[in-house]
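Reviewing the structure listed below.
The values are calculated or read from the model by the stated rules, or taken from the named source; none is laboratory data. Since the structure is predicted, the reported quantities are computational estimates derived from the model, not experimental observations. Ideal geometry is used to build each Cβ from the backbone, glycine not excepted, and the neighbour counts take in all protein chains shown. We work out accessible area using only protein heavy atoms, side chains counted, and drop any ligands, DNA or RNA first. Shrake-Rupley method; radii C 1.70, N 1.55, O 1.52, S 1.80 Å.
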Amino acid sequence: QVRLGESGGGSVQAGGSLRLSCVAAGDNHHRRCMGWFRLAQGKERGGVAVIDSEGTIIYADSVKGRFTLSRDNVKNTLYLQMNTLNPEDTAMYYCAASYADDCRRAVDPDRFTYWGQGTQVTVSS
């Protein structure tokens, strides 16, 4: 079992940056993927980025070139550096963990089973 806790959200103007953090406690050896997802009002939960156990990262098309996922294995912390934010990035951002064999093949929230409580990101124009 893994417990996840996100932080770093806030309100910024378009073009600004934020860095989100996710601390993972508990099982840090058996999960296959960690990821960031987001839920905007009126929209379905969507993928942001996923990193597998080997360090391979995939990004959703909407954030490629702007967001960077990284991991600190010593601190058991996942990060999401978000640059050039725009109002369409406004959402609750969630950290998640997956034990599914195919979790590395897509930024798919349905393949993730453990979730943090989220941190709000609001971008104004």
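Just a few scattered comments:
- Filter result (aliphatic (A, V, I, L, M) and modelled with pLDDT of 95 or more) within region 5-33: Val12, Ala14, Leu18, Leu20, Val23
- Hits in region 93-123 - residues which are over 23 Å from Gln1 (Cα atoms) and either open to solvent by 20 Å² or more (accessible area, probe 1.4 Å) or in a loop (DSSP other than H, G, I, E, B) (or both): Gln120, Thr122
- Taken over region 1-41, the criterion of being under 17 Å from Glu88 (Cβ atoms) and open to solvent by 40 Å² or more (accessible area, probe 1.4 Å) is satisfied by Ser11, Gln13, Ala14, Gly15, Ser17, Leu39, Gln41.
- The set of residues in region 30-63 that are among the basic types (Lys, Arg), over 20 Å from Gln81 (Cβ atoms) and touching a residue at least 60 places away in the same chain (Cβ under 8 Å) comprises Arg31, Arg32, Arg45.
- Taken over region 65-92, the residue count meeting the criterion of being open to solvent by 10 Å² or more (accessible area, probe 1.4 Å), without any contact (Cβ under 8 Å) to a residue 40 or more places away in the chain and under 13 Å from the mean Cα position of the chain (by Cα) is 3.
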